[in-house]
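Trainee: Got a structure for you, questions after.
The values are calculated or read from the model by the stated rules, or taken from the named source; none is laboratory data. Bear in mind the structure is a predicted one, so any value in this text is a computation, not a measurement. Cβ: placed from backbone, ideal geometry, glycine included. Neighbour counts: every protein chain shown. Surface accessibility is based on the protein's heavy atoms, side chains included, excluding ligands, DNA and RNA. Shrake-Rupley method; radii C 1.70, N 1.55, O 1.52, S 1.80 Å.
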Amino acid sequence: MSYSTFNRKKFDSLQEPMFFGENVNVARYDQQKHPIFEKLIEKQLSFFWRPEEVDLSNDRKDFLKLEVHEQHIFLSNLKYQTLLDSVQGRSPNVALLPIVSLPELETWIETWSFSETIHSRSYTHIIRNIVNDPTKVFDDIIVNDEIAKRAISVSKYYDDLIELVNLYNTLGLGVHHVPERGDVTVSMHSLKKALYLTVASVNVLEAIRFYVSFACSFAFAERTLMEGNAKIIKLIARDEALHLNGTQHMMNLMALGRDDPEMAKIAEECKDDVINIFVEAAQQEKDWAKYLFKDGSMIGLNAQILGQYVEYITNVRMQAVGLEAQFETKNNPIPWINAWLVSDNVQVAPQEAEITSYLVGQIDNDLDGADFDDFGDL
Amino acid sequence: MTILATSNKAPEDPQVHRVLLGKQQILVSEDEPLLPQLERAGVTIEYQCREGYCSSCAIKLLWGKVEYPVEPLAWIHSGAMLACCAIVKSDIEIGFF
């Protein structure tokens, strides 16, 4: 029922499900039901970056030299990514924190969402650097029909879950009359179903929806254009690959009954809905590719190739959550993209390679006498 | 077709295993993960992070044994393996999803 910021009950959090159990009380990580989320937190923290580290002065010159239809492709993608990260910078917190029941998962959600706010700030950094009036770009996000269509798809599952959870937290289980909405049934079943579909929809957002945009950014950079932007997109892609791991784990833990046994039944029940979420998103992304290239393609990419890539990546992502691939495309039509998506060659400033295994102040505590052999007899 | 995917194999580590992929047979060592050895053998395989968290290089492990020196962050379904960080420990048969 009503959310508490510090649950006074004494309970064993190792026995709690990921969601809809007790509200978390002590933020403790000495014992963990699902240690993967603590590992994701550590990895995400090791990825920390700031947009301002990336110099975009050459991108401004490049942008001015782009053909008009290429400027449309570039700015449209930035607008779409701005929408996606506007949603992701707040929604995991708003939707999931009131219902989470494990400390390590609670902190992962906050860490995850925080990293999305860095992405949002990076879009402002890019847009400020390449156009004279950023307002025109940002204002169009709300009124652009093509973006609005996608805004509905990426936010509706979150909004449904948030509405149900709000009713649950204030009025409890039952049928509640909501002005302008009619009767809404709040049951544990409807809550858990809304949660499962939300997690699936977020997985699709991070695992598929970003990739048309990524492909365009890297296609510009293959021509040594907009390379500062590509550096930022590489950092964002690295983060997103980690985030999709988080939602894949949530979905697999739920579906395989390794968390809340009831969620396994709900996952089975929702299987067709989830397949539809993937297939519909793929179709929307293919439509988006057509919109991007409506006035002309760019070297190495066109709507058809991007459409095939969307189908290919959708198959890969579906298989990762235990679903059958839905598209015939068996090969990656733009294999060069993977070289841009590799984590460890991300370099921000020329003097500073961001190797993910590198941690500031790292100390090796496992020393024995043999480690001093090289010093000789001093 | 047999392709020796590894060169400069350390003589002190003579472990070489067969990897079956359809009708293709590739010899691999335990010196490094499967992914780079498959790539050198000309097998195209999807990848992204190459450090075990993105799941992109997941392939079917039909039989045989692989080990992960460091437990990867990605979920590994039963009957699957992550090519980027798995060390092949016996003859194996793999397939694509």
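Trainee: In the neighborhood of A:N332, defined by Cβ-to-Cβ distances under 11 Å, what is the net charge if each Lys or Arg adds +1 and each Asp or Glu adds -1?
Mentor: Every neighbour counted, the sum reads -1.
Trainee: Further question: Using Cα positions and a limit of under 16 Å, work out the lysines in reach of A:K265, with same-chain residues fewer than 8 apart set aside.
Mentor: Straight-line reach from A:K265, under 16 Å: A:K192, A:K193.
Trainee: Right, something else. What's the magnitude of the charge dipole for the protein assembly as shown around its Cα centre, counting Lys and Arg as +1 and Asp and Glu as -1 at the beta-carbon? Answer in Debye, nearest 20.
Mentor: That gives a dipole near 1360 debye.
Trainee: For Cα pairs less than 8 Å apart in space and 6+ apart in sequence, what is the mean separation divided by the residue count of region B:2-95, i.e. the relative contact order in percent?
Mentor: 32 percent
Trainee: Okay, helix-only estimate at 222 nm for chain B: each DSSP H run of n ≥ 4 adds -39500 (n - 2.57), divide by all residues, round to 500 deg cm²/dmol; what do you get?
Mentor: Counting only the DSSP helices, I get -2000 deg cm²/dmol.
Trainee: Here's another thing I want to ask about it. Toward the positive end of the charge dipole of region A:1-113, about the Cα centre and with charges on Cβ (Lys, Arg +1; Asp, Glu -1), which of A:T82, A:L97, A:N25 goes farthest?
Mentor: A:N25
Trainee: Moving to a separate point now. Using a/c under 1.5 as the rounded threshold, could you call region A:50-99 rounded, prolate or oblate? The axes a ≥ b ≥ c are square roots of the C-alpha gyration tensor eigenvalues, and prolate needs a/b larger than b/c, oblate otherwise.
Mentor: oblate
Trainee: Estimate for me the total accessible surface buried between chains A and B (protein heavy atoms, probe 1.4 Å, no ligands or nucleic acids), in Å² to the nearest 100.
Mentor: Heavy-atom accessible area buried at this interface is about 2100 Å².
Trainee: Could I ask something else about it? Looking only at other chains, what is the average number of their beta-carbon atoms within 10 angstrom of each beta-carbon in A:246-253?
Mentor: The mean count of partner-chain Cβ atoms within 10 Å per residue comes to 2.
Trainee: Over chain A, with a Gaussian network built from C-alpha contacts below 10 Å, which listed residue (A:M226, A:M318, A:M298) shows the highest mean-square fluctuation?
Mentor: A:M298
Trainee: With contacts defined as alpha carbon pairs under 8 Å and 6 or more residues apart, what's the relative contact order of chain A in percent?
Mentor: Relative contact order here is 19 percent.
Trainee: Filter the trypsin sites (Lys or Arg not before Pro) in region B:11-88 down to the DSSP loop ones having no more than 14 other Cβ atoms within 10 Å, then list what survives.
Mentor: Loop-located and lightly packed - B:K23, B:K65.
Trainee: Nearest 500 deg cm²/dmol is fine: what mean residue ellipticity at 222 nm does chain A get from its DSSP H runs of n ≥ 4 alone, each adding -39,500 (n - 2.57), divided by its residue count?
Mentor: The helix-only estimate for chain A comes to -19500 deg cm²/dmol at 222 nm.
Trainee: Okay, next question. Where in chain A is the longest stretch that carries no trypsin sites (Lys or Arg not before Pro) classed as loop by DSSP and with at most 10 other Cβ atoms within 10 Å?
Mentor: Longest site-free region, per DSSP loop and neighbour criteria: A:182-378.
Trainee: Another one. Most mobile of A:E280, A:E104, A:E206 per a Gaussian network model of chain A (Cα springs, under 10 Å)?
Mentor: Largest GNM mean-square fluctuation: A:E280.
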